[in-house]
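Inspection log for the structure reproduced underneath, given as structure tokens.
The values are calculated or read from the model by the stated rules, or taken from the named source; none is laboratory data. Bear in mind the structure is a predicted one, so any value in this text is a computation, not a measurement. Note that each Cβ is placed from the backbone with ideal geometry, even for glycine, and that neighbours are counted across all protein chains shown.
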């Protein structure tokens, strides 16, 4: 999880890939690891003023896609949490969707988007 006063940076994706690589080295052949980055972009900006701001810039997105990372905002994570409080049966499906996502996770992006 990263907190930024502006948008994410490519270095955040690079750091995530280092962590993935370190995990794979530690756990040896046959292990696997999915890089998932939770980003709290514009953390000093009120939520009402964040709309329309770039969270995952092109360089960061390109790097993460090429390494099959999943990128999620902390706001999405909070919405996902609230959704699971009401729909615990959706847990496994949402976990599978996160692990299948390459690039930006597309669920829970809007305040009323409970899917």
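Of all residues in region 61-79, those that are more than 14 Å from residue 14 (Cβ to Cβ) and under 11 Å from the mean Cα position of the chain (by Cα) total 7. Selection of region 88-104 for residues being assigned to a helix (DSSP H, G or I) and touching a strand residue (DSSP E or B) at 6+ places or on another chain (Cβ under 6 Å) yields only 98.
Return a yes/no flag: does region 52-60 have any residue that is at pLDDT 95 or above and more than 17 Å from residue 6 (Cα to Cα). No, that holds for no residue. Against the test of being buried (at least 16 other Cβ atoms within 10 Å of the Cβ) and touching a residue at least 40 places away in the same chain (Cβ under 8 Å), the options 7, 64 yield a single qualifying residue, 64. Checked against the criterion of being under 18 Å from residue 11 (Cβ atoms), in contact (Cβ under 8 Å) with a residue 12 or more places away in the chain, in contact with a strand residue (DSSP E or B) (Cβ under 8 Å, 6 or more places away or on another chain) and loosely packed, with under 15 Cβ neighbours inside 10 Å, region 43-53 has at least one qualifying residue.
The set of residues from region 44-54 being outside any helix (DSSP H, G or I) and over 15 Å from the mean Cα position of the chain (by Cα) comprises 44, 45, 46, 50, 51, 52, 53. Is it the case that residue 84 is under 15 Å from residue 38 (Cα atoms), assigned to a helix (DSSP H, G or I) and either more than 11 Å from the chain's Cα centre (by Cα) or free of Cβ contacts under 8 Å to residues at least 24 places away in the same chain (or both)? No; evaluated as a whole, the condition is false for this residue.
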